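Structure first, then comments.
The values are calculated or read from the model by the stated rules, or taken from the named source; none is laboratory data. Values in this document were obtained by computation on a predicted structure and should not be read as measured data. Backbone-built Cβ (ideal geometry, glycine too); neighbour counts: all protein chains shown. Please note that ligands, DNA and RNA were not included when accessible areas were found on the heavy atoms of the full protein model with its side chains. Shrake-Rupley method; radii C 1.70, N 1.55, O 1.52, S 1.80 Å.
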Amino acid sequence: MTDVREVSCRPPGKGVLLFLAALSAAGAGAALVRAAYRGPDGWLGGGLLLGLLGLAALHKATARVRADTYGVHSWTLLRRRSVRWGDLADLRVRLKYANTPRVQDTRGISLLLRDGRKLLLPLPRSWSYDDPDFDAKLDAFRALHRLHGTPESDHVPVVSYRTAGRGWAGSLALCLLLLGGAGLAAWFVPSAASGERAWRSATPCTAGTPAADPDECLTTLTAVIARTDATWSRSKSSWLYFVDGRPMDRLAVSSDGAKMFEPGDSVELTVWRDEVREVVGERHVYRLHVPASGELAVVAAVCLLAAGHPAARVLLRLRGRRLPDDEVLPSALPFAGALVGTALWLLPLAYLHPTTLLTDPAAITWAATGSTATLALFVWAWRATRVRTPGEIDATTGGMGGTGGMGGTGEAGGFAERETDDEEMDETETDAEYDVFLAARFLEHTDYNPYGFGTHVVLGGGPLAVTPHPGPGRFAAKPVPVERLVVNGVRRVRGSDGDTVPSGWHMAELDDAGTPVRLAAAPDDLTRILRELASGPLRRESRASRSRRGGTRR
């Protein structure tokens, strides 16, 4: 597409959007007129909602993007922007994942400026991975950029929530919100504990009760149940209604509490601090639930632990700030595992010792032991989420990086072709008598990986093959044509590789007789597979030479 001179993007269904905007404006206007004559009511809220929907439809209908020899120009309802090609560092795909299975993911084009700013174009948009129109416009944008500017990357970077280029402001805000909830719950723990102690020590009111403290003693009132109203929803209160509205019209209880009593039952109500705390009948006793100090401490601890997950995501993004924006960051699951391990000791401790954490020797010992275990878990999580580059793997496994061919045509995937004799090859084959199944995926559809059916690569006891299962046995295995594969390089996983590839894996870019193929696996497993690819031709030569000599030496 080097002959592209101009690309123009307009919203699909512009007429429908304008009609919806006009209809919403008419509805909002009618609601305002009604409110002016009859006063504000529910129709006014509906009119305001229609007005907002109309503005959103008008914003989408008036959006327009054009790219020409001068740069990229975008128009929206409230703003116009123009970026020259010389100021543009790269064009990227911004992938926004949907939160519900019925809503498809959204793709858009983002501009990376040379000063570091990022601009998301209002158009084009795509809600499918297979959208020829979006792909054609993206190719046209990139062709114009190559013609009139200097792109930083030779591929299409895809930025998603898994990659280093996604912002961390949302995770930070969620972390601060949860920390605020933890602090608020912890603030009420001392007062709840004081109320528990006062309730346990309260005595029935007598004639000698001081007039200054009438609410600190227990008052008993008699009543007769008129009817009960038990709801099935736990979010709604159930009610006990009393005959003649004495001593009150009704009392809010739980659904189970309403089912305890029947119309006509005589009950005694225990009142403390102007609140009914117990309903005592002939067969059942219902106590109103009041959040205890231990429960509030558990809520505070849960909020604190929940804040640890977005905090870990912020930490991982800060840790990977020097990575390319489209490289996938390590998963935060190890930190989530450390938080779950912390919850196993912190939640029981918070429930049993909400206010004596620093004074009770048993609680101090418990906390110290648990903190040591938590520290060990977080050290493990820190090490498990480190960014392992292909260069680091190469250095620890004897030089596995680089480019080249396979099958005895020079350097094989960065591996220097080794001169081996029959003795060395016999030892290698002795170590590889048994099949080893490694989790790995070829991402492209090939004759040895039709429709991406393979989930594992098997090596060792036979030729390298792709299987749809982790073994044992080579059922449905398809051999990999080692002789026609060439390794062009090893890299970390990018956003364009899809979200089915684990974030800790590495990607080998192969050339299959002129067709680019990607192989994904864990770093150590990928190193082992590439080493097997490099040594495959030498193994076949050794087998052929031994067969000519009349047998295989053990």
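A compact table of results
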item	result
Residue-span extension gain [THR106 to ASP154] - 0.36 nm each, minus C-alpha spacing	15.0 nm
Relative contact order computed over the range 1-96 (Cα-Cα under 8 Å; 6+ residues apart), in percent	29 percent
Theoretical gain in end-to-end length, THR69 to THR455 [0.36 nm per residue, Cα-Cα removed]	134.3 nm
Label-point separation, LYS14 to GLU444 (7 Å along Cα→Cβ), nm	3.9 nm
Whole-Å distance, taken between Cα centres, linking the range 1-63 and the range 498-527	47 Å
LEU352-THR389 FRET efficiency (beta carbon distance; Förster radius 41 Å; 0.05 resolution)	0.30
LEU120-ALA368 FRET efficiency (beta carbon distance; Förster radius 45 Å; 0.05 resolution)	0.35
Cβ-based charge dipole, the range 282-371, positive-most Cα from ALA312, ALA368, PRO324	PRO324
Rounded FRET efficiency, nearest 0.05, which uses the C-beta distance separating THR206 from LEU113 and R0 of 56 Å	0.10
17 Å Cα-Cα reach of LYS96 towards lysines, excluding residues that sit fewer than 8 places from it in its own chain	LYS118
Straight-distance crosslink candidates among lysines, where the alpha carbon sits under 16 Å from LYS60 and sequence neighbours closer than 8 are dropped	LYS14
For HIS506, solvent-accessible area (1.4 Å; no DNA, RNA or ligand), Å²	10 Å²
Positive dipole terminus of the range 116-207, leading residue within ALA186, THR203, LEU119 (C-beta point charges)	THR203
Charge context of LEU44, other residues only, Cβ under 14 angstrom, K/R +1, D/E -1	+1
Largest-first ordering by accessible area, 1.4 Å probe, given options ASP497, ASP133	ASP133, ASP497
Net charge, ARG10 excluded, C-beta distance under 14 Å - Lys, Arg +1, Asp, Glu -1	+4
Anisotropy class of the range 249-359 from Cα gyration tensor, a/c 1.5 cut	prolate
